[in-house]
Amino acid sequence: MSVLLTPGKLGVGRIGDRALRSDGTPKVQGQFAFASDLIAPGMLWGHTVRSPHAHAEIVEVDISEAVAMPGVHAVLTHTDVPGAKTYGLEFADQPVLAIDRVRYFGEAVALVAAEHPEQARRAAERVKVTYRELEPITDMERALESVPLHAGKPTAGHGYRDDDRPNVVRHVVIRHGDPDVEGDITVTGTYELGIQDQAFLGPESGLAVPDGEGGIDIYAATQWLHVDRRQIAPCLNLPEQQVRLHLAGVGGAFGGREDLSMQIHAALLALHTNRPVKIVYNREESFIGHVHRHPARIWAEHRATREGRLVCVKMRILLDGGAYASSSTAVAANAASFAIGPYAVANALLEATAVYTNNPPCGAMRGFGAVQTCFAGEAQMDKLAEELGIDPVELRLLNAAAPGDVLPTGQRIEGSFPVAETIRAAAALEPPAPEPLPRDPLRLPGGAGNTTRGEGVKRGVGFAVGFKNIMFSEGFDDSTAARVKLFADGSAEVHCASAEVGQGVSDVILQVARTELGSDLVRLAPQSTATVGSGGSTSASRQTWMAASAVRDACRAAIERRDAGESEVDVEIVYRHAETTPLAPENGQITGERAHVAFSVCAMKVVAEVDVELGLTRIVWIGAAQDVGRAINPLAAEGQVQGGAAQGMGLAVMEEIQTRNGLITNASFTDYLIPTALDMPAMDVVLVEDPDPDGPFGAKGIGEPPTVTATAAVASALRAASGQALTRVPVTPEALIGL
């Protein structure tokens with residue numbers, strides 16, 4: 001066990017070095033090529049006709065006027081989709097183009113291709129769609145009693161718990177021990193979270209290029225090249241080998257690029273016109289063009305002894321999945337599985353239900369499912385500490401789980417799981433001393449807009465700890481392929497389709513290859529479905545573990561063949577982690593040895609200031625301790641913790657998509673607020689190293705736990721400063737002054 005506190009020296013980029021990002025300089029200098037920068041000779045521009053309604057029947061689509069406009073080469077509707085009419089990340093419940101109805105505001109109805117983007121936009125305005133409006137279902141509780149939004153149950157027959165209520169995507173029940181056991185002290189609470197957007201800087205964009213032989217090359221910003229191909233090929237009525245996906249420069253993802261956006265639409269237009277077609281969403285379109293974080297309503301009850309030991313936790317979680325399934329089934333399972341936090345609890349009853357509504361579709365977002373329940377569960381722990389008169393950190397240490405303990409799913413914790421050590425490391429961090437008044441207005445809650453000059457400012461310290469699974473779970477056949485080519489001149493080339501979305505997996509791959517091959521003459525080939533097998537999704541904090549393992553194994557296999565006498569070597573290896581199995585539908589217990597492969601923990605201490613007269617906030621400082629297994633690149637790991645904290649803080653104090661009858665009303669960075677450099681506090685980060693015996697070089701994935709924990713920790717500090725309950729995030733000024 002070690003805690004990395006000192007900066008250390010920058011290295012050339014092998015395992016353990018504090019290596020600079022290879023894409024850092026071109027991004028800072030504005031020289032990095034993003035997907036929106038792509039061009040091809042003779043290319044057309046695509047534009048999407050979208051529904052202005054959240055729920056409506058389509059009576060007629062008239063494209064005649066649009067087709068006749070100058071520069072227009074194609075106007076397509078669902079009748080022009082040559083193959084399967086629907087697609088989906090896990091369940092094919094979403095139409096490529098709306099067929100007989102629209103189920104959410106902004107759903108794609110038709111496509112236009114023209115010589116100039118302005119021609120395409122104007123032609124799209126001339127596509128006349130006649131709708132018969134239907135009442136939208138926008139309340140997740142009402143959805144359980146409303147008319148079904150989908151014929152049949154798209155997610156039925158996949159081994160989930162039967163639920164006859166309308167619009168249920170998945171209902172998960174985890175029953176552990178005796179949920180009826182009583183405690184000496186009981187605290188209850190109801191909590192809510194709004195819809196958070198991934199708010200990546202690079203909007204959805206890409207280029208589709210027909211190959212002249214009936215196939216297509218698609219260059220796009222995505223999180224999973226091969227699963228995109230799996231969904232696109234049937235809709236184009238093409239074999240997969242004729243659909244080639246290539247990773248273009250990605251400007252952030254955070255789960256919002258797991259589902260298809262423009263990829264299939266650009267391909268349809270390109271094949272129809274036999275011209276390259278480029279599509280770039282504007283910011284408003286991006287807000288409706290990808291999935292978001294599930295809003296949630298959570299009812300919680302925690303029972304404990306007078307000494308503070310948790311006896312039983314009950315939680316009922318309702319998640320709004322929006323119009324289509326996306327990854328709601330996995331989000332529901334995660335929400336229930338991690339509801340009690342990284343604590344040893346002998347008894348629990350945890351229920352999570354994800355539903356269809358006519359709200360914007362929701363799916364994967366950093367920490368999915370665990371963010372929502374960590375906010376509720378850690379608020380409950382603070383409430384319990386206050387009721388018992390116990391220090392909040394000591395209460396968490398008293399209940400901290402450790403290897404050998406059993407999770408509510410029945411899975412025994414094995415390997416690395418340093419919960420107590422991570423809590424202690426965060427608790428030991430010293431926050432900055434309070435700043436005296438008067439001070440620079442920019443350093444007051446509300447900044448220059450603060451009119452009290454600080455007289456109403458109160459300071460509070462909060463604490464939270466959260467955890468999440470690493471890699472995919474519940475029996476998913478998770479794998480990553482890596483291909484290594486060794487050349488006679490001593491250089492090497494690595495192929496791996498793991499998507500680099502800004503998190504640094506490309507550098508991890510190179511660090512591993514340099515270490516294993518003992519050479520710096522290593523090149524990473526462009527990520528593509530055409531040259532190597534699937535890299536799996538850049539999600540679930542899985543790429544460091546999976547890509548590093550696959551590249552390590554491929555390098556070792558290549559060395560063996562070179563040592564056996566081959567002058568040039570080309571070898572591809574597929575890595576799979578330990579087998580997982582589904583949760584039993586009746587009680588949520590494991591049906592094999594494990595449902596999850598590994599876990600990572602993050603603890604945070606936060607200092608916040610609240611102007612209790614104005615309801616304004618300032619997050620002063622965040623101290624974070626992150627369980628990393630072993631840091632492949634400590635510099636990059638610290639960056640992940642900082643970025644994750646920023647995203648979790650955003651949900652706590654400002655980020656929320658506003659809707660009215662299912663329509664998004666703040667689809668811009670003017671009205672949807674995200675933390676800026678002025679909002680971000682000082683941060684201290686420590687990396688807790690407890691190598692995982694199964695992880696590559698002992699490493700774990702770390703991208704999500706900081707976000708899981710940050711929302712809860714920031715809310716805890718705001719409660720301490722304001723004295724208010726703050727049961728909903730993002731926290732509003734009204735809530736901070738008790739209105």
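The values are calculated or read from the model by the stated rules, or taken from the named source; none is laboratory data. Given the structure is predicted, the values throughout are model-derived calculations rather than measurements. FYI the Cβ positions are ideal-geometry reconstructions off the backbone, even for glycines, and counts take in every protein chain you see. Only protein heavy atoms, including side chains, enter the accessible area calculation; ligands, DNA and RNA are left aside. Shrake-Rupley method; radii C 1.70, N 1.55, O 1.52, S 1.80 Å.
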Output for segment 155-170, where each listed residue is open to solvent by less than 60 Å² (accessible area, probe 1.4 Å), more than 26 Å from the chain's Cα centre (by Cα) and not acidic (D, E):
P166
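Condition check ((1) open to solvent by less than 30 Å² (accessible area, probe 1.4 Å); (2) under 25 Å from D692 (Cβ atoms); (3) of a type outside the set (A, V, I, L, M, F, W, C)) across all residues:
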site	(1), (2), (3)
S506	yes, yes, yes
A513	yes, yes, no
R523	no, no, yes
V532	yes, no, no
T538	yes, yes, yes
M546	yes, yes, no
R576	no, yes, yes
P582	no, yes, yes
S600	yes, yes, yes
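Restricted to segment 277-299, and to residues that are farther than 20 Å from A323 by Cα and crowded, with 24+ Cβ neighbours inside 10 Å, which residue is nearest to the chain's Cα centre (by Cα)?
Residues of segment 277-299 that are farther than 20 Å from A323 by Cα, as a first pass: 277-283, 298-299.
Applying the additional criterion that residues be crowded, with 24+ Cβ neighbours inside 10 Å yields 277-279, 298.
Values: V277: 29, K278: 26, I279: 24, I298: 20 Å.
Out of the qualifying residues, it is I298.
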Where in segment 15-94 are there strands (runs of 3 or more DSSP E), lying wholly inside it, with at least 1 residues that are hydroxyl-bearing (S, T, Y)?
44-50
Filter result (open to solvent by 10 Å² or more (accessible area, probe 1.4 Å) and touching a Pro at 6+ places or on another chain (Cβ under 9 Å)) within segment 341-355
N347, L349
Please state which of the following conditions S600 fails to meet, knowing it meets all the rest: (1) more than 23 Å from the chain's Cα centre (by Cα); (2) modelled with pLDDT of 95 or more; (3) not acidic (D, E).
(1)
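If you take the residues in segment 168-201 that are assigned to a loop (DSSP other than H, G, I, E, B) and touching a Gly at 6+ places or on another chain (Cβ under 9 Å), which one is farthest from D100 (Cα to Cα)? Walk me through how you get there before you give the answer.
To start, the set of residues in segment 168-201 that are assigned to a loop (DSSP other than H, G, I, E, B) comprises 177-184, 194, 196-201.
Now narrow it down to the ones that are touching a Gly at 6+ places or on another chain (Cβ under 9 Å): 196-201.
Numbers: Q196: 29, D197: 28, Q198: 30, A199: 31, F200: 32, L201: 34 Å.
Within segment 168-201, the match that is farthest from D100 (Cα to Cα) is L201.
Yes or no: segment 142-154 includes at least one residue that is closer than 20 Å to Y324 by Cβ, among the basic types (K, R) and either surrounded by fewer than 17 Cβ atoms within 10 Å (Cβ to Cβ) or under 28 Å from the mean Cα position of the chain (by Cα) (or both). Lay out the reasoning, then the answer.
Within segment 142-154, the first condition is being closer than 20 Å to Y324 by Cβ, and the residues that meet it are 142-144, 146-154.
Imposing the further condition that a residue be among the basic types (K, R) reduces the set to 142, 153.
Those left that are additionally either surrounded by fewer than 17 Cβ atoms within 10 Å (Cβ to Cβ) or under 28 Å from the mean Cα position of the chain (by Cα) (or both): 142, 153.
Looking through segment 142-154, at least one residue is closer than 20 Å to Y324 by Cβ, among the basic types (K, R) and either surrounded by fewer than 17 Cβ atoms within 10 Å (Cβ to Cβ) or under 28 Å from the mean Cα position of the chain (by Cα) (or both).
How many residues does segment 219-233 contain that are polar (S, T, N, Q) and open to solvent by 20 Å² or more (accessible area, probe 1.4 Å)? Outline the logic, then answer.
First pass over segment 219-233, keeping only residues polar (S, T, N, Q): 222-223, 231.
Filter once more, keeping what is open to solvent by 20 Å² or more (accessible area, probe 1.4 Å): none.
Residues in segment 219-233 being polar (S, T, N, Q) and open to solvent by 20 Å² or more (accessible area, probe 1.4 Å): 0 in total.
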The residue from R412, R396 that alone is surrounded by fewer than 16 Cβ atoms within 10 Å (Cβ to Cβ), within 27 Å of F599 (Cβ to Cβ) and either in contact with a Lys or Arg (Cβ under 6 Å, 6 or more places away or on another chain) or of a type in the set (D, E, K, R) (or both) is R412
Of the listed residues (A68, A123), the one being without any contact (Cβ under 8 Å) to a residue 24 or more places away in the chain and of a type outside the set (S, T, Y) is A68
The correct count of residues that are open to solvent by 20 Å² or more (accessible area, probe 1.4 Å) and either in contact with a His (Cβ under 7 Å, 6 or more places away or on another chain) or within 18 Å of P526 (Cβ to Cβ) (or both) in segment 474-500 is 6
For A631, only one of the following conditions fails: (1) hydrophobic (A, V, I, L, M, F, W, C); (2) open to solvent by 40 Å² or more (accessible area, probe 1.4 Å); (3) farther than 30 Å from Y160 by Cα. What is its number?
(2)
Does G460 satisfy being of a type outside the set (D, E) and in a loop (DSSP other than H, G, I, E, B)?
no
Can you name every residue in segment 367-387 that is in contact with a Pro (Cβ under 9 Å, 6 or more places away or on another chain) and open to solvent by 10 Å² or more (accessible area, probe 1.4 Å)?
D382, E386
Which of the numbered conditions does E430 fail, given that it passes all the others? Conditions: (1) assigned to a loop (DSSP other than H, G, I, E, B); (2) under 30 Å from E378 (Cβ atoms); (3) open to solvent by less than 50 Å² (accessible area, probe 1.4 Å).
(3)
